[in-house]
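Bear in mind that the values in this text are calculations on the coordinates, not laboratory data. Quick caveat, the model's predicted, so the values are computed rather than measured. Counting neighbours? That spans all protein chains shown, and the Cβs are built from the backbone with ideal geometry, glycine included.
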Amino acid sequence: MDRGTREPANMIEEGESMLHPGLLEHAAIFEHAPMGIMFTQPGVVRRCNPRMAQMFGYAPEELVNTSGACLFVSEEQYHAFLAEAAPALHDGRLFEKAEQRLRRRDGSTFWGRVRAKSVEPGRRAAGTVWMVEDVSAARAAETEVRAIMNNAGIGILFTRDRRVVRYNRGFAQMFGFGAEEAVGVPVRSLYGSDEHYHEIGDAAANLLARGESFQAEAWMVRADGRPIWVQLIGHQVRRDDPALGNIWIIEDRTRNKRAEETLRNALLENQAILDNAVLGIAVVERGRTLHCNAKMEELFGYPPGGINGIPVAELYPDSASWMAARRETARDFLAGRVHMAEHEVVRADGSRFWARLSGRLFDLAQRQGRSVWLVDDVTARREAAQAVARARDELELRVLERTAELAGANALLQAEIVERRQAEARVHHMAYHDSLTGLPNRSLLSDRLDRAMLSSQRNDRKLAVMFIDLDRFKTINDSLGHLAGDHLLKEVANRLCRAVRASDTVARLGGDEFVVLVPGIEGPRDCTQVAEKIIEVLSAPIPHEGRILHISPSIGICLYPDHGQDVATLMRNADAAMYHAKGAGRNTWQFFTERMNESAARHFELESSLRVALAANQFELFYQPVIEAGTRRVHALEALLRWRRPGLGLVGPDEFIPILEESGMIIAVGEWVLRSACEQAVAWQRQGLPAVPVAVNLSGRQFAQRGLAGTVRRIVEETGIAPALLELEITETTLMQSGGHTLEVLEQINAMGVRLSIDDFGTGYSSLAYLKRFPVHKIKVDRAFVRELEASAEDRAIVAAVMALANSLQLSVVAEGVETEAQLQLLREHGCELAQGFLFARPLEAHQVPELLR
Ligand SMILES: Nc1nc2c(ncn2[C@@H]2O[C@@H]3COP(=O)(O)O[C@H]4[C@@H](O)[C@H](n5cnc6c(=O)[nH]c(N)nc65)O[C@@H]4COP(=O)(O)O[C@H]3[C@H]2O)c(=O)[nH]1
């Protein structure tokens, strides 16, 4: 400021005193003006009013004549300011600066609005009047407003005359405008349609015109055309001045709108679900139904809304069931579980149905809070389940019954299996055992023998194979019958088993053949002891059906390894030894020797040859006369069998009859003998020879044969022989050992008129009882007694006894084997008038007989 210029205060003072009242007014204004006023002449303050001094923290007089620079923050700012103001001041225009930072006396700063005008344009020295307003507060407010405007999360919009005047950043972002881009655009462009625009505009205009605020939600559009749902709050900028326009607070609620819509849709969906649910759904709180869906009402038979608010207890048939249900529910809810149960519940009309209930708390943290319940009518399902259960029970019953049946069938099957196994075991046993005695058979014996041989090799011991044949068994069997034979065999089996050790094997090969294996022996002595023991145990009489049977064994023994290295050889050799024992007089044992093989071979050969002998017509009958001692006439002729063996000559019956008996060939051969003898006798008679009885020997086997009487009758009839001229001889032993049919057969033969005689009398038991029982006519005293008659008093006594017996029974007696006159003499002395023997004649060929008879 120009220091040369007079100061305004002084001017006012001067005015008061000397100028007119207008000046006084100016001075008053100057003094009391609310803004600072200052007059400067270049660079220097010449005068300022109190407000100016106060603004800068000075007393008014303190500023006078100070440099204007002290009012600025720095010299640079002062000069910059002067430079800025200079053009306007020079031109006489008003210089105005809205904000200038100024400095107080204490160094603090404030913002001032500065206006200045030079007193005389173009002449700076004339001075300049400055007016300064402190705008710090307004500026701060403005800054704050701007900050609010810029940082507000909402949009703020100023409109005037339906155009955008100003807006904040929030609005810009919300609507997608740049900072100033929307200024001046019609408000209409912020709406999607005229209709929207007018609707909102009209509604707002009315309220705003009345000075009230307007609030609404509406669809507007962004700069890019996208719709945006906003909440609008509108005010007039100044109530008393509509022309200043309106201010709009805009909040983007698109997301809320969408969320609301989503929520609304969800609610609608939920409602739809509830309305259409096939389950009853109810919300319950504190024992009361708050609301429920239509299905719930339908289930319980309530009208719409009828269930809402009623106590749940009313849906139960009685308080007990309700309390029970509550307890269970409370227990599950307390445990944080969903409660599921089936209860009988009651409809509005009192009828009942079974419901399946499923309840859960809205909020598990609030055990007493609301719960939602799903209810389903399960009556039909329960009935179906019960029906299924009943059906299942029935089925189970059936299954049980069937199982029991099957168990029964199974038991039967098991029994059958057991039976079958037993049968198999029996079959197996039968395959390896003799059915009659239960002893091992030939197969098992072979097996055991094999093993025993191996064992012997290991132990360096010997093994004995003892072949046992029962003497005269066939006779007993044939004469007394199979039952007696079987009994005998069983008894023999038992006795053999008892006689040997458990480690020994007793086997039956068939018939009356037994084998005993004696392993682990050291030598022949061991097995002779066994053989002796066997003979001893078998010697004891065997009672059977009132009879006493006697049996004796012939035992052939061979040793392994001495007499054979294999089963077949050992068996064959033991067999041969047994035959030898038999030949040696029976009831004895024999060890095998190589020689025996030869006799065994002979035996075999003999048997083979005999098989063809009958057909080959190799048998012949010889006849030996029985002589009346007194007259020496022929009393009878005994037919004796001979075998004219090709190349070997005549073979005597003692050599082959045992083989015929063993093989059973004796039946056919015996029949041939009987027929031939009868035919011969008839032939001799036809030749005119004197009729002499012909005697035929019957073996035990023949006699035991059923149908013997029939055979005899047939032959007698067929040959035409007079029955009285036929005599049948049976040995005393045969007679004794024959079975119960003996008497019957003898009586049948006797009834035919055929005579019977007992051969070899004295070799058996010579029982009077027998003789009395049987219809025999003649006794033939065995030649063994005749032979020693002269030397043996005992034999003489026997002959005497026999004669006495025969006389008492009125039987004829024939002495056999009479070879000497002395024998004949002695016999005659004992009353025996019939004799047979070499003394009279040897057995003769048939063609020699006629001469004898004439
Ligand atoms: N030492 C001696 N012997 C004499 C004497 N007189 C007769 N003999 C013999 O004694 C045997 C008598 O026959 P047997 O006692 O019935 O004994 C007969 C008889 O039991 C049996 N036999 C013979 N032919 C037949 C037959 O056709 N059928 C049956 N089953 N057995 C027969 O054969 C046995 C033996 O017959 P053979 O060898 O013909 O032996 C005959 C005969 O030759 C004598 O003075 N001294």
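Laid out as a table, the results:
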item: Inter-part distance where region 116-139 and region 52-86 are each reduced to a Cα centre, Å; result: 11 Å
item: Relative frequency of Cα-Cα separations exceeding 39 Å in the chain, percent; result: 72 percent
item: Extension gain (nm, one decimal) between His847 and Ala152, 0.36 nm per residue minus Cα-Cα; result: 233.1 nm
item: Potential lengthening between Arg101 and Arg286 on full extension [0.36 nm per residue; Cα-Cα distance subtracted]; result: 59.4 nm
item: For region 140-211, Kirkwood radius (reciprocal of mean inverse C-alpha pair distance, Å); result: 13.2 Å
item: Loop-exposed GluC sites (Glu not before Pro) per DSSP, neighbour cap 11 Cβ within 10 angstrom, longest uninterrupted part of the chain; result: 181-521
item: Eligible lysines near Lys772 by straight Cα distance, threshold 24 Å, same-chain separation 8 or greater; result: Lys780
item: Rounded D (µm²/s) - region 658-718, Kirkwood Rh over Cα pairs, Stokes-Einstein at 37 °C, 0.692 mPa s; result: 264 µm²/s
item: Average projection area in nm² (convex hull over Cα atoms of region 93-203, one quarter of hull surface); result: 11.4 nm²
item: Percent of Cα-Cα distances greater than 23 Å, calculated over region 643-799; result: 44 percent
item: Cα principal axis extents for region 423-562, largest first, Å; result: 50, 40, 20
item: Rg over Rh [alpha-carbon atoms, Kirkwood Rh] for region 738-854; result: 1.01
item: For region 299-395, the fraction of alpha-carbon pairs in successive 10 Å shells from zero, as %; result: 15, 40, 31, 12, 2
item: Gain in span if fully extended, Leu268 to Arg595, counting 0.36 nm per residue against the direct Cα distance; result: 105.1 nm
item: Two-site label geometry, Arg420 and Arg586: point separation in nm, points 7 Å out along Cα→Cβ; result: 5.0 nm
item: Computed Kirkwood radius, in angstrom, where 1/r is averaged over Cα pairs of region 314-356; result: 10.9 Å
item: Region 368-421: trypsin sites (Lys or Arg not before Pro) in DSSP loop, at most 15 other beta carbons within 10 Å; result: Arg370
item: Inter-label distance for Gln231 and Leu614, nm, one decimal - labels placed 7 Å from Cα along Cα-to-Cβ; result: 14.1 nm
item: Arg382/Glu180 FRET efficiency (R0 60 Å; Cβ-Cβ; nearest 0.05); result: 0.20
item: Loop-located trypsin sites (Lys or Arg not before Pro) in region 130-229, at most 12 other Cβ atoms within 10 Å (DSSP); result: Arg210
item: Cβ-derived FRET efficiency at R0 51 Å, Leu94 paired with Asn206, nearest 0.05; result: 0.70
item: Spatial extent of region 438-521: Rg and Dmax, with the Cα atoms as the point set, Å; result: 14.3, 48
item: Taking region 304-431 and dividing mean pair separation by its residue count, relative contact order in percent (alpha carbons under 8 Å, at least six apart); result: 14 percent
item: Whichever lysines have a C-alpha closer than 20 Å to that of Lys533, once near sequence neighbours (fewer than 8 apart) are set aside; result: Lys462, Lys490, Lys582
item: Between region 807-835 and region 685-728, the Cα center-to-center distance that results, in Å; result: 25 Å
item: Distance between modelled label sites at Thr569 and Leu82, nm, 7 Å Cα→Cβ extension; result: 16.4 nm
item: Globularity index of region 485-639, i.e. its alpha-carbon radius of gyration over 2.2 N^0.38 Å; result: 1.38
item: Sequence-separation-based contact order of region 369-512, relative, with Cα cut under 8 Å and 6+ spacing, percent; result: 26 percent
item: Spatial separation of Cα centroids for region 192-233 and region 499-557, in angstrom; result: 139 Å
item: Reach of Lys97 by Cα under 26 Å, taken over lysines that are not fewer than 8 positions away in the same chain; result: Lys117
item: Kirkwood estimate for region 204-360, i.e. one over the average of 1/r between Cα atoms, Å; result: 20.3 Å
item: Shape parameters for region 166-293, alpha-carbon atoms, Rg then Dmax in Å; result: 21.2, 65
item: If the convex hull is drawn through the Cα atoms of region 503-577, its volume per residue in Å³; result: 103 Å³
item: Kirkwood Rh and Cα Rg combined as Rg over Rh, evaluated for region 134-175; result: 1.09
item: P(r) of region 339-482 over all Cα-Cα pairs, binned every 5 Å from zero, in whole percent; result: 2, 7, 6, 7, 7, 6, 6, 5, 5, 4, 4, 4, 4, 3, 3, 4, 4, 4, 5, 4, 2, 2, 1, 0
item: Relative contact order [Cα under 8 Å, 6+ residues apart], the chain, whole percent; result: 5 percent
item: His428-Asp393 FRET efficiency (beta carbon distance; Förster radius 60 Å; 0.05 resolution); result: 0.75
